[in-house]
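*Asks:* Right, I'll just put the structure down here and ask away after.
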Amino acid sequence: MSDHIQVFIGLGSNLNKPVEQLKEAVATLSAADGLKGIKLSSFYSGKPMGPQDQPDYVNAVFQMETSLAPSPLLSLLQKIENGQGRIRARRWGERTLDLDILLYGEQSVNLPELTIPHIGLSKRNFVLYPLQEISPDLVIPQLGTLAELVAQCSLAELRRIEITSSRSLSENRDRSEGKPF
Ligand code: A4P
Ligand code: MG
């Protein structure tokens, strides 16, 4: 892939078998044109941020390389969300799949439809802890080091629920003929 940019995609689900939703999204992302999987965090389960009358969430972070510009990448993620039955009902409400662009290289993006770094990144344990697992030395544009942000963010009830391999996905892919999972 030419002109790779390193991106971190946040994945979240709390409907219709969340672990399966995340696995399906990882497979779709890995196979998409213009994206290449590098490292996937473990899956984490946690209480919902926002309305409490919804199921617990499963979250993960996927480090990828992309040749897509930020807006086309967002469009692709929204297409994948819709493909997995995403319905937008209420803000911070339940969803089969949420895909957020957490970081896009070292760039800051401020467009009407897209803010990078993702606006909630600095305060969300379900983003910071998976990020720390796969890329502990990250420095986040405008926000400082990941280590500082993690130190200020409680783990609360976040727990790791499924250990996924942190080997590079391309190694996995070599072993499984193009299918990382
Ligand atoms: N948008 C702007 N910047 C970005 C970005 N960097 N990545 C815009 C992705 N989208 C971005 O998002 C609304 C709009 O944000 C998009 O149309 C896009 O143009 P949405 O996914 O349609 O709606 P939403 O997700 O309900 O709103 P919001 O404010 O993005 O919510 P979040 O931040 O996604 O949070 N609790 C736990 N434990 N775990 C979770 O994952 N997720 C949410 C939703 C609530 N509670 C949660 C979790
Ligand atoms: Mg979202």
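*Asks:* Between S75 and V139, what's the calculated FRET efficiency when r is the beta-carbon distance and R0 is 22 Å? Round to 0.05.
*Replies:* It comes to 0.20.
*Asks:* Taking the dipole about the Cα centre of the range 5-168, with the C-beta of Lys and Arg at +1 and of Asp and Glu at -1, give me whichever of L138, N125, G46 is farthest to the positive side.
*Replies:* With unit charges placed on the Cβ atoms, the residue in question is G46.
*Asks:* Need one word for the range 91-150: rounded, prolate or oblate. Basis is the Cα gyration tensor (sqrt eigenvalues a ≥ b ≥ c); a/c below 1.5 gives rounded, then a/b vs b/c decides.
*Replies:* Oblate, since a/c reaches 1.5 and b/c is not below a/b.
*Asks:* To the nearest 20 debye, what is the magnitude of the charge dipole of the chain about its Cα centre, counting +1 on the Cβ of each Lys and Arg and -1 on the Cβ of each Asp and Glu?
*Replies:* 380
*Asks:* What are the residues whose amide H is under 5 Å from the amide H of I161, where those residues sit 5 or more places off or on another chain and H is modelled from the backbone?
*Replies:* F43, Y44, S45
*Asks:* Another question, if that's okay. Let a ≥ b ≥ c be the square roots of the eigenvalues of the Cα gyration tensor of the chain; is it rounded (a/c under 1.5), or, if not, prolate (a/b larger than b/c) or oblate?
*Replies:* Rounded is the answer for the chain, as its axis ratio a/c remains below 1.5.
*Asks:* By the scheme Lys and Arg +1, Asp and Glu -1, what is the net charge of all other residues having a beta-carbon under 14 Å from that of I116?
*Replies:* -3
*Asks:* Would you order R91, R160, R86, R124 from fewest to most other beta-carbon atoms within 10 Å of each residue's own beta-carbon?
*Replies:* R91, R160, R86, R124
*Asks:* Another question, if that's okay. Sort 142-149, 10-17 by the packing proxy (mean of other Cβ within 10 Å over each peptide's residues), most packed first.
*Replies:* Answer by packing, highest mean first, reads 10-17, 142-149.
*Asks:* Using Cβ counts within 10 Å as a stand-in for footprinting exposure, how do I119, I5 rank, fewest first?
*Replies:* In order of increasing Cβ crowding within 10 Å: I119, I5.
*Asks:* Obtain the nm distance between the two label points defined at E65 and M49 by a simple spin-label model: each point lies 7 Å from its Cα along the Cα-to-C-beta direction.
*Replies:* That separation, rounded to one decimal, is 3.0 nm.
All of the numbers you see were taken from the coordinates with simple rules; none came from a lab. Note that the structure is predicted; figures quoted are calculated from it, not measured. Cβ: placed from backbone, ideal geometry, glycine included. Neighbour counts: every protein chain shown.
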